[in-house]
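Below: the structure, in structure tokens.
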Amino acid sequence: MGPAASSLFETACFLFVGKKIVLTLDVFEQQLRNCFPQGVDGQKIAVALSGGLDSVVLLHLLVCAGKKGGFIPEALHIHHGLSPHADAWADFCRNYCDTLGVKLETVRVSVEKNGLGIEAAARQKRYAVFSEKEFDILALAHHRDDQIETFMLAVARGGGLRALSSMPSVRPLGTRGIIWRPLLPFSRQELQDYAERQGLSNIEDESNTDTAYLRNWFRHSALPELSARIPDFDRHVLNNIRVLQEDLALLDEIIGQDCRWVCGAGYFDTARWLTFSPRRKTHILRYFLKENAVPLPNQNALADIARVLAEAKTGRWSLQGFELHHYAGRLFVFQLEKMDKLLFLKDRQISGNLREILTGQGFVLKRHPFGLPEHLLEQDGILRPVLPLDSMTIGGIHKNMKKILQEKRVLPALRTFWPVVADRENCPLALANCCTDFRLSVSDGILPVHPDFPVLF
């Protein structure tokens, strides 16, 4: 979903927020039409089902709407194992889905705090599962009261614009899906009224009454008192959220445009990035990391990255499963899992038919004006990493391969295991992604290219 689509969704899905309406199937179907004017035919729709009131109501509404709209939703239950009743909740969800004729997937997770509170850690695990699933639309049952609580928590914890904007009605999920919160216009009481009219039962999480959790204290103590003292308190908060979400959408639109210019050549261009104001540079950097699925560092760490990018020629950072490399005026992002895959030649070599070896290791045999002749690829040879004494003739000049890699501005961290294609006597024929030996090259020949090895030239 692109920025334009996201903007349309936000406009459509926020129409009812702040208005007092009764939750009925007709009203819900109107929500559905507002958010998805083209319909949801062919879309894989699921509800995150906890068994609580909110998700029970949402699944019921989607099932009823689906009978009229020609779609069948699924359900996803996350078994956190944090409550002694967790197994019973999973059983309830299974029985409820059986009653509705809905497919249910239950995913068990192990929640580890890792410096977070138990609620935050569970939420992190839950959303990680959401991102892994290939749903086009994942519906979450957050309602109006949840939205107000989320805003107040952000106020209490000193959140910035993004935190104060609370929960968007629609946001991206994974690489192609979206999260949809259709119940944000409705209060918990309105959901309760719907459940009573439909005769729906639900489970109750015992932790929801524990006021040791700040959210529960707001729910049971602070917010009722504020609502009693301040006329239309809820409406004022929701109006603030609406304005903040509009401001955030505008900011994201501007920063997205900035980032597209910074990365206009297909990479993060430090020189272009440096032309912006300090505050804008920080937002561009955060946007770039988010677009590359890098877990966002705290403000101090982000400021340190920005400082090194501005002052130093090189830099390297480790961020929760990712590495950032700053080199030759560009910023590279590597996922460590994928980085490990690049080490397939480290301290080893592969011998055999060159074409079979290369294609078997994920290389693409691309046409190149100075590439290898086809017949060489049908011969036996060796695929290995570059060696200190390796050399090749380039443009009539004999050069050490490490020098060639330097001239091609290959990242220093990649040079020691950069792939070399050699003949059966171990004499280099080509440097992957870069060039072939000039003495062997032919017009419209073949250059072995591995898509995971970045080249800067």
- Paramagnetic reach from Arg367 in region 418-457 [backbone N under 19 Å; point 7 Å along Cα→Cβ]: 433-436, 441-450
- Unit charges at the beta carbon, dipole of the chain: most positive-side option, Asn95, Val386, Phe344: Val386
- Message: Quick check: from the Cα gyration tensor, does region 176-219 come out rounded (a/c under 1.5), prolate or oblate?
- Response: oblate
- Note on the structure: Interchain or sequence-distant (5+) residues whose placed amide H lies within less than 5 Å of the amide H of Arg330 are Thr270
- Considering only DSSP beta bridges with both partners in region 35-191, what is the antiparallel share in %, to the nearest 5? 20
- For Met167 and Ser277, what does the FRET efficiency come to when R0 = 35 Å and r is the distance between their Cβ atoms, rounded to the nearest 0.05? 0.70
- What dipole magnitude, in Debye to the nearest 20, does the chain give about its Cα centre under +1 on Lys/Arg Cβ and -1 on Asp/Glu Cβ? 1440
- Task: Would you compute, from DSSP H runs of 4+ residues alone, the mean residue ellipticity of the chain at 222 nm, taking -39500 (n - 2.57) per run and dividing by the full residue count, rounded to the nearest 500?
- Result: -13000 deg cm²/dmol
- Query: Hey, with R₀ at 51 Å, roughly what FRET efficiency would Asp340 and Cys64 work out to, going by the Cβ-Cβ distance, to 0.05?
  - Reply: 0.60
- Message: Please report Rg (one decimal) and Dmax (integer) in Å for the Cα set of region 3-248.
- Response: 17.5, 49
- Under the Kirkwood approximation applied to all pairs of distinct alpha-carbon atoms, what is the hydrodynamic radius of region 265-340 in Å? 12.5
- Any idea what the dipole of region 3-248 comes to, in debye rounded to 20, about its Cα centre with Lys/Arg Cβ at +1 and Asp/Glu Cβ at -1? 480
- Any idea which of Val294, Ile21, Val107 is furthest toward the positive side of the dipole for the chain, if Lys and Arg beta-carbons carry +1 and Asp and Glu beta-carbons -1? Val294
- Quick one: putting +1 on the C-beta of Lys and Arg, -1 on the C-beta of Asp and Glu, what dipole do you get for region 77-132 around its Cα centre, in Debye to the nearest 20? 140
- Message: Quick check: residue separation of Ala293 and Arg197 times 0.36 nm, minus the Cα distance between them. What number comes out in nm?
- Response: 30.2 nm
- Query: Amide H neighbours of Gly315 under 5 Å, counting only residues 5+ apart in sequence or on other chains, H built in-plane at 1.01 Å?
  - Reply: His326
- Message: With equal scatterers on the alpha carbons only and no solvent term, can you work out the Debye log10 of I(q)/I(0) for region 347-449 at 0.18, 0.23 1/Å?
- Response: -0.79, -1.34
- Work out how far the C-alpha atoms of the chain reach from end to end along every principal axis, then list the three figures in whole Å, largest first. 84, 50, 43
- region 72-148: GluC sites (Glu not before Pro) in DSSP coil with no more than 16 other Cβ atoms inside 10 Å: Glu112, Glu134
- Note on the structure: Residue by residue through region 192-205, the couplings from Karplus 6.51 cos²θ - 1.76 cosθ + 1.60 with θ = phi - 60°, in Hz, x for Gly and Pro, are 4, 4, 4, 4, 5, 5, 8, x, 8, 9, 7, 8, 10, 6
- Which trypsin sites (Lys or Arg not before Pro) does region 293-365 hold that lie in a coil by DSSP with at most 15 other beta carbons within 10 Å? Lys313, Lys346, Arg348
- Query: Measuring from label point to label point, each 7 Å out along Cα→Cβ, what is the Leu25 to Asp247 span in nm?
  - Reply: 4.2
- Query: Within the set Lys290/Lys346; Lys133/Lys366; Lys44/Lys125; Lys133/Lys408; Lys290/Lys402; Lys68/Lys133, which residue pairs have Cα atoms separated by over 29 Å?
  - Reply: Lys290/Lys346; Lys133/Lys366; Lys133/Lys408; Lys290/Lys402
- Item | Under 19 Å from the Cα of Lys403 - aspartates and glutamates, other chains or at least 8 residues apart | Asp390, Asp437
- Where labels lie 7 Å past Cα in the beta-carbon direction, separation of Trp261 and Tyr127 in nm: 3.0
- If you take the charge dipole of the chain about its Cα centre, with +1 on Lys and Arg Cβ and -1 on Asp and Glu Cβ, which of Phe453, Gly199, Leu49 is farthest toward its positive end? Phe453
- Query: So what are the ³J(HN,Hα) numbers for region 352-357, from phi and the Karplus equation (6.51, -1.76, 1.60; θ = phi - 60°), rounded to whole Hz, Gly and Pro as x?
  - Reply: x, 4, 4, 4, 5, 4
- In nm, what is the difference between 0.36 nm times the number of residues separating Thr359 and Asp210 and their Cα-Cα distance? 47.8 nm
- Task: For Leu296, enumerate residues with amide H under 5 Å from its amide H, sequence gap 5+ or separate chain, H modeled in the peptide plane.
- Result: none
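Computed from the coordinates by the stated procedures, all read-outs in this text should not be read as laboratory data. Keep in mind the model is a prediction, meaning the values are calculated, not measured. Cβ atoms come from the backbone with ideal geometry, glycine included; neighbour counts cover every protein chain shown.
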